[in-house]
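Written below as structure tokens is the structure these notes are about.
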Amino acid sequence: MAAPLTLLLVVAVTVRAALYRSSLADLISERVEVVSPLTAWKRVVEGLALLDLGVSPYSGDVFHETPLIIYLFHFLVDYAEITFMLADVITAVALYMAVTDYNKQVFRKQKFALEADLYPLDCLELIRSPKEMYYIPLKVAMFYLLNPFTILSCVAKSTCGLNNAVIALFILTTIKGNVLLSAIFLSLATYQSIYPLTLCAPALLYFMQRKYIPVNFRRASFWWFIAQYAFMYLGSLFVIVGLSFFLLGSWDYLPSVYGFILSVPDLTPNIGLFWYFFAEMFEHFRLFFLCVFQINVFFYTIPLSIKLKEHPVFLIFMQLAVISIFKSYPTVGDLALYMSFLPVWSHLHRFLRNIFLVSCVLLACSALFPVLWHLWIYAGSANSNFYYAITLLFNVAQILLVSDYFYAFLRREHHLTYGLYLKRKDGSEATLVLK
């Protein structure tokens, strides 16, 4: 498997290097679907210029990345292209290793269940074979590296690629069972954009499952492990925040980074749900609806964690999708990360209901984004309503995609417990309904 992965990495790097040298690079770096006020490279360059002049990069309203990012590129600005390509390679390799390890665990559990006769006889066709699972890690790496969204994000030098690398390393260390490194990478991801805080829940559930700690509020071992992980996570976050203060010499970055993410003052159009709504919002309603919109990312964590407490890796996929859809400044790079997990759930295809329709809508919207932007901004023959309509449809398609996979996953688990061909008490065929 090393040779195909190496070939894939070479092809991916070659494509990116070619695009960096093309005339498309400048055009891509200006696309609002690819970069946001948080992740745009030109804003990082502005911040570096202010830093070189001895002025705080957060003194204006231009730079909103974290201090560690600006000090990283203070040394690597001449190697920015290599840095972003390396970030994509790290992400792909981390996902490859994580999925390989996860598949081994799935196969062991499946083998144990078969030996213990825990599956009904009529659902044996749902059992995954080693041959079927063998190429899944390579497909995951391919889905990430050759995804047009990932390539565009890398060529635009969007710092979203660095965030994805950190989250991928968090997933890898979690699946490998390294509690300390998992907490460190999760704290780094939270430091970058707040929203990965919700990944705490699947990480805790995964480690508890791995260490055979029951999810029981009355058990001391349950609370003791949460306290241990919280201490490592908060301790790492405190160190990173303290290091940022030491580098910058002030706390100016807190309102400029986290206040900016939560209060959404910049209403530059993007593929998210916030910009148009708050552009039309009366000011005295703004705070209420801001809380309503922001709570979406965090609210779904509790019910999803309850429903998927036995399946923390699928919960990670769900949480990444929720973050990508409901964060305040999303880009196509955020979609690329959770979509790279789709090959892991290829065994669910027989239970998906809307996959063809959703795929067509996502492709159509991706093609129409630049068209409607041109009609609105350059031709003047459209307005913001046209662009937001496509944005809204794009997000609805994502929600349908994620909910379809959620339904398919729960349906397969139900069949593995109760059998594939469900019958009513009178012997007639039953229909499974997700409620």
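Per residue, how much accessible area does the chain show when a 1.4 Å probe rolls over the protein heavy atoms, in square angstrom? Write down the numbers at each step before the final one.
Numbers: 20740 Å² over 435 residues.
Value returned for the chain: 48 Å² of accessible area per residue.
Of the chain, which part is the longest with no GluC sites (Glu not before Pro) in a loop (DSSP not H, G, I, E, B) and with at most 12 other C-beta atoms within 10 angstrom? Write out the running numbers ahead of the final one.
Numbers: sites that count: Glu30, Glu280, Glu310.
Within the chain, the longest run free of exposed GluC sites (Glu not before Pro) spans 31-279.
What pairs from Lys307/Lys327; Lys104/Lys307; Lys176/Lys327; Lys42/Lys104; Lys109/Lys327; Lys131/Lys307 go past 32 Å between their alpha carbons?
On the way: Lys307/Lys327 23 Å; Lys104/Lys307 23 Å; Lys176/Lys327 28 Å; Lys42/Lys104 43 Å; Lys109/Lys327 35 Å; Lys131/Lys307 30 Å.
Among Lys307/Lys327; Lys104/Lys307; Lys176/Lys327; Lys42/Lys104; Lys109/Lys327; Lys131/Lys307, the Cα-Cα distance tops 32 Å for Lys42/Lys104; Lys109/Lys327.
222 nm [θ] for the chain, helices only, -39500 (n - 2.57) per DSSP H run of 4+, per residue, to 500? The partial results should precede the final answer.
Details: 20 runs with 289 residues, N = 435.
Only helices count here, giving -21500 deg cm²/dmol.
Please list Val106, Val239 in order of solvent-accessible area, largest first, computed with a 1.4 Å probe with all protein chains present. All intermediate terms of the calculation are to be shown ahead of the outcome.
Values: Val106 30, Val239 95 Å².
If we order Val106, Val239 from most to least accessible, we get Val239, Val106.
Before anything else, pin down the relative contact order of segment 2-346: Cα pairs under 8 Å, at least 6 apart, normalised by residue count, whole percent. Could you put the intermediate results ahead of the total?
Details: 402 pairs, mean separation 84.3, N = 345.
Relative contact order comes out at 24 percent.
Give me the Debye-computed log₁₀ of I(q)/I(0) at q = 0.14, 0.18 Å⁻¹ for segment 166-294, equal point scatterers on Cα only, no solvent, two decimals.
-0.79, -1.00
How far is the Cα center of segment 1-51 from the Cα center of segment 350-381, in Å?
Between the Cα centre of segment 1-51 and that of segment 350-381, the gap is 23 Å.
Here are some values of Rg/Rh (Cα atoms, Kirkwood Rh): [x] 1.23; [y] 0.97; [z] 1.20. Which one was computed from this structure?
[y]
If I build a Gaussian network model for the chain, linking alpha-carbon pairs within less than 10 angstrom, which residue out of Ser244, Ser158, Ser36 has the largest mean-square fluctuation?
Comparing Ser244, Ser158, Ser36 in the GNM, the peak value goes to Ser244.
Could you sort Cys365, Cys291 by accessible area so the largest value comes first, with the probe set to 1.4 Å? Walk me through the numbers on the way to the answer.
On the way: Cys365 0, Cys291 75 Å².
Order by accessible area, largest first: Cys291, Cys365.
Among the complete DSSP H segments of the chain, which ones combine at least 30 Å of alpha-carbon extent along their axis with a mean Kyte-Doolittle hydropathy of 0.5 or more? Each step should come with its number before you reach the end.
Details: long enough: 80-115 (53 Å, 0.41); 220-248 (41 Å, 1.70); 384-418 (50 Å, 0.41).
Long hydrophobic helices here: 220-248.
Mind ordering 262-274, 17-29, 143-155 by average Cβ neighbours within 10 Å, highest first? Let's see the in-between values first.
Values: 262-274: 18.0, 17-29: 13.6, 143-155: 22.4.
Ranking the peptides 262-274, 17-29, 143-155 by packing returns 143-155, 262-274, 17-29.
Go through 251-257, 186-192 and give me the packing order, highest mean Cβ count within 10 Å leading.
Going by the mean number of other Cβ atoms within 10 Å, highest first, we get 186-192, 251-257.
Per the 1.4 Å probe, what fraction of the accessible area of segment 2-346, in percent, lies on carbon and sulfur atoms?
Values: 11000 of 15500 Å².
The C+S portion of the solvent-accessible surface of segment 2-346 is 71 percent.
Hey, got a sec? Which chymotrypsin sites (Phe, Trp or Tyr not before Pro) in segment 206-242 land in a DSSP loop and have at most 12 other Cβ atoms within 10 Å? Provide the component values of the computation, followed by the final result.
Working: sites: Tyr206, Phe207, Tyr212, Phe217, Phe222, Trp223, Trp224, Phe225, Tyr229, Phe231, Tyr233, Phe238; in loops: Tyr212, Phe217.
Within segment 206-242, the qualifying chymotrypsin sites (Phe, Trp or Tyr not before Pro) (loop, at most 12 other Cβ atoms within 10 Å) are Tyr212, Phe217.
Tell me which chymotrypsin sites (Phe, Trp or Tyr not before Pro) from segment 46-142 have a DSSP coil assignment and no more than 14 other beta carbons within 10 Å of their own.
On the way: sites: Tyr58, Phe63, Tyr71, Phe73, Phe75, Tyr79, Phe84, Tyr96, Tyr102, Phe107, Phe112, Tyr134, Tyr135; in loops: Tyr58, Phe63, Tyr135.
The qualifying sites are Tyr135.
What is the Cα centroid distance between segment 386-400 and segment 125-165, reported in whole angstrom?
When both Cα centres are located, 23 Å separates them.
Test of the criteria: in segment 214-320, which trypsin sites (Lys or Arg not before Pro) are in a DSSP loop and have at most 11 other Cβ atoms within 10 angstrom of their Cβ? Mind showing how you got there, number by number?
Working: sites: Arg218, Arg219, Arg286, Lys307, Lys309; in loops: Arg218, Arg219, Lys309.
Passing sites in segment 214-320 are Arg218.
The values are calculated or read from the model by the stated rules, or taken from the named source; none is laboratory data. Everything numeric in this text was worked out from a predicted model, so none of it was measured. FYI the Cβ positions are ideal-geometry reconstructions off the backbone, even for glycines, and counts take in every protein chain you see. Side chains included, ligands, DNA and RNA excluded: accessible areas come from the protein's heavy atoms. Shrake-Rupley method; radii C 1.70, N 1.55, O 1.52, S 1.80 Å.
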